[in-house]
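Novice: One structure, pasted below without further comment.
The values are calculated or read from the model by the stated rules, or taken from the named source; none is laboratory data. Computed from a prediction, not measured in an experiment: that's the story for all the values here. Glycine gets a Cβ as well: all are built from the backbone with ideal geometry, and neighbour counts include every protein chain shown. Quick note on the areas: whole protein, heavy atoms, side chains included, nothing else; ligands and nucleic acids left out. Shrake-Rupley method; radii C 1.70, N 1.55, O 1.52, S 1.80 Å.
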Amino acid sequence: MGDSASCPVPRAEKRRSIPETQAQPTLGAVPAETLQMSDSVLEKTIPDELSGLRLDQALAQMFPEYSRSRLKAWILAGSITVNGRVPKPRDEIGGGEAVVVRPVETEETTSSPEPIELDVAYEDDEVVVINKPAGLVVHPGAGNASGTLMNGLLHRFPELAALPRAGIVHRLDKDTTGLLLVGRTLTAHTALVRQLAERSVTRQYDAVCQGVLTGGGRIDAPIRRHPVDRLRMSVQSDGKPATSHYRIVERFAAHTWVKVSLETGRTHQIRVHFAWKQHPLVGDRVYGGRLSLPRGASDELVQTLRTFRRQALCATTLAFDHPVDGRRVEVSTEPAADFLALVDVLRRDAAARDSDD
């Protein structure tokens, strides 16, 4: 039987309906909504309530463990059949079709494994949380073809070569320390990326900023690429929405230690937001401008500020729903040693000023 008549769809596109009478894979007595797995083959019947959707849209709902883009790639590669034939992603489904998915394990990451020491803060069969040190670049790129966190992950966990970005779910700047989330399986990686997009992953940072804040608060300021300096981000009215929440941990004579929680995760978000508030992070040469030394600072503090050559920012808490059993997993770490040393010097400077009053 040939293709059924096509029907109008939005933007004047036309989708083909998938033929209903084709040689179908044998599903036996398996109920329509029951997933079968045999030799890496997944079989399902498309439920009637998804009738009218594009095939790739329907499959994304039926197989949430895989991203829509990956399912679309498998359709185009011929690894998915519907009613025994190779479809197209835009084909319109009518409900009741038999779907066979043959997941393709592809070499997604081409970086080379390197024996880089990694501080593993949490690990199970599905998820790894790495405590990244300052100076370690996350992904290979221009000027950093090797010696990155990704290279170390591929050496420690070779199975990550089959995953996008070696399973890395989000990024940290080169000189930001702390917790970074990695999925060890395709299902886990897809689920964690989805949680990040849905803002159900909790990320909390410790930071030291210039100036004395009077209280905690919320920063709502959209961020986009700087119109002139393409290496920087900036607050702009037509940027992407960006929200940071912060509370005060400790005040010093001319600085403040804060805890910052991200509601969104824009590039350089915390650094940009605090610089926009005129309270740039200590050590941030990109957004903080020239080194600022407070009046009356002790010699020890002056020396510490001169030699603190990274932004005082540490990712210290990470919480997410486990991609397999759904339990809430929370991982925490102390701020990096140089951050804590900075705080100690700020305390001593503040105490000395108080004793002089």
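Novice: Where the convex hull is taken over the Cα atoms of segment 234-301, what is its projected area averaged over directions, in nm²?
Specialist: Convex hull of Cα atoms, orientation-averaged projection: 5.3 nm².
Novice: Here is a further query. Applying a 10 Å radius around every beta-carbon, put 203-214, 256-267 in order of their mean neighbour count, most first.
Specialist: 203-214, 256-267
Novice: Another one. Evaluate the Kirkwood expression for the hydrodynamic radius of segment 234-350, namely the inverse of the mean inverse distance over all pairs of different C-alpha atoms, and round to one decimal in Å.
Specialist: 16.0 Å
Novice: Oh, and also: When the Karplus curve 6.51 cos²θ - 1.76 cosθ + 1.60 is applied with θ = phi - 60°, which whole-Hz ³J(HN,Hα) does each residue of segment 151-159 get, with x for Gly and Pro?
Specialist: 4, x, 4, 5, 6, 6, 10, x, 5
Novice: Nearest 10 degrees, 0 to 90: what angle lies between the long axis of helix 337-356 and the longest principal axis of the chain (Cα atoms)?
Specialist: Orientation of helix 337-356: about 30 degrees from the principal axis.
Novice: Same structure, new question: How far is helix 186-197 tilted off the main Cα axis of the chain, in degrees rounded to 10, range 0 to 90?
Specialist: Orientation of helix 186-197: about 60 degrees from the principal axis.
Novice: Let me understand the chain better: what is its radius of gyration from the alpha carbons, and its Dmax, in angstrom?
Specialist: Answer for the chain, Rg first and Dmax second: 25.6, 93 Å.
Novice: Taking Cα pairs under 8 Å and at least six residues apart, what relative contact order does the chain come out at, in percent?
Specialist: 13 percent
Novice: Once you have the alpha carbon radius of gyration of segment 311-353, what is it after dividing by 2.2 N^0.38 Å, with N set to its residue count?
Specialist: Ratio of Cα Rg to 2.2 N^0.38 Å: 1.79.
Novice: Given a 1.4 angstrom probe, I'd like the percentage of the accessible area of the chain that is carbon and sulfur, rounded to a whole number.
Specialist: Its accessible area is 48 percent carbon and sulfur atoms.
Novice: Going by amide H atoms built from the backbone, whose H comes under 5 Å of the H on V282, apart from near neighbours?
Specialist: HN-HN under 5 Å from V282: V208, C209, Q210, A312.
Novice: To one decimal place, what orientation-averaged projected area in nm² is obtained for the convex hull of the Cα set of segment 38-182?
Specialist: Details: hull surface 41.1 nm².
Its Cα hull, projected and averaged over all orientations, spans 10.3 nm².
Novice: Give the accessible surface of the chain per residue, rounded to a whole number of Å², with probe radius 1.4 Å and ligands, DNA and RNA excluded.
Specialist: That works out to 49 Å² per residue.
Novice: Just how many % of Cα pairs in segment 141-190 lie over 15 Å apart, if you round to the nearest whole percent?
Specialist: 47 percent
Novice: How would you rank 241-250, 151-160, 186-195, 111-120, highest first, on the average number of other Cβ atoms within 10 Å across their residues? Can you show the working numbers first?
Specialist: Values: 241-250: 17.1, 151-160: 19.5, 186-195: 21.5, 111-120: 14.0.
Sorting 241-250, 151-160, 186-195, 111-120 by mean packing, highest first, produces 186-195, 151-160, 241-250, 111-120.
Novice: Taking amide H positions as placed in the peptide plane 1.01 Å from N, state which residues far from Y122 in sequence (5 or more) or on other chains have amide H under 5 Å from it.
Specialist: For Y122, the qualifying residues are V129.
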